[in-house]
Structure formats: C-alpha cells, structure tokens
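The values are calculated or read from the model by the stated rules, or taken from the named source; none is laboratory data. For clarity, every value in this text was computed on a predicted model and none was experimentally measured. No Cβ is skipped: glycine too gets one built from the backbone with ideal geometry, and neighbour counts run over all protein chains shown.
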Amino acid sequence: MIVEVIMPKLGMYEDDVTLIDWIARTGDTVDIGDPLFVMETEKVETEIEAEDPGILVQAAPAGHSGPIGSVIGYLATTAEEYDELRARVGAP
C-alpha cells in the first residue's frame, strides 16, 4: 500500500507552509514516530514524524512552499512500490 506524505495543518490560521528540510531521505525506511521532515508556518518550525511505516520517496524538494494538505512525498511498503514511485515522481 502506498501512503501519501502530506503537509499537515498545525494551527487554525495558516494556509501555506514551507518544507524546510527532509530529515529522512529517499530510500530510507521509516517507522511510525521517526522524524520525517521539518516544516515552517508563519510562526514556528516544527519537526514532523512519520504516521505510517514505509520506504520514503520524496516528491517535493526542501524549500517547497505549498498549501496545507499538499502531497510532498510517499511511503511505499514494498520494494516494487518504491521502484514504481521513484520512476513516477522522478526522485533521486
């Protein structure tokens, strides 16, 4: 199963956020609770943890700004899904 990694909503008033940096890299296996990326709202930088286990495929680069709920990456549960995702999103 492929899981989308999205920009979460942390507060009531922000609409756009910035992906400051990825902590995990494409190809890293993460478990629930592992640090995944750092995002920035108007007021704070926050480290976001993985909500699902899987193999990370980054779809958005560090510095990417976008709306809450936008897809910035994927977690694959199998090597086949990982290879398919890398080809589809052009991940390194």
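Within the range 6-24, not a single residue is in a loop (DSSP other than H, G, I, E, B), at pLDDT 95 or above and out of contact with any strand residue (DSSP E or B) (no Cβ under 6 Å at 6 or more places or on another chain).
For the range 48-92, filtered to residues that are in contact (Cβ under 8 Å) with a residue 60 or more places away in the chain and in a strand (DSSP E or B), the residue that is farthest from Thr29 (Cα to Cα) is Pro67.
Listed by first and then second residue, the pairs linking a residue in the range 10-30 that is closer than 20 Å to Ala76 by Cα to a residue that is of a type in the set (Lys, Arg), with Cβ atoms under 8 Å apart and 6 or more places separating them unless they lie on different chains, are Thr26/Arg86. Only one of (1) out of contact with any Pro (no Cβ under 8 Å at 6 or more places or on another chain); (2) at pLDDT 95 or above fails for Thr29. Which number is that? The one condition Thr29 does not meet is (1).
Note on the range 6-56: residues that are surrounded by 13 or more Cβ atoms within 10 Å (Cβ to Cβ), acidic (Asp, Glu) and in contact with a Gly (Cβ under 9 Å, 6 or more places away or on another chain) total 3.
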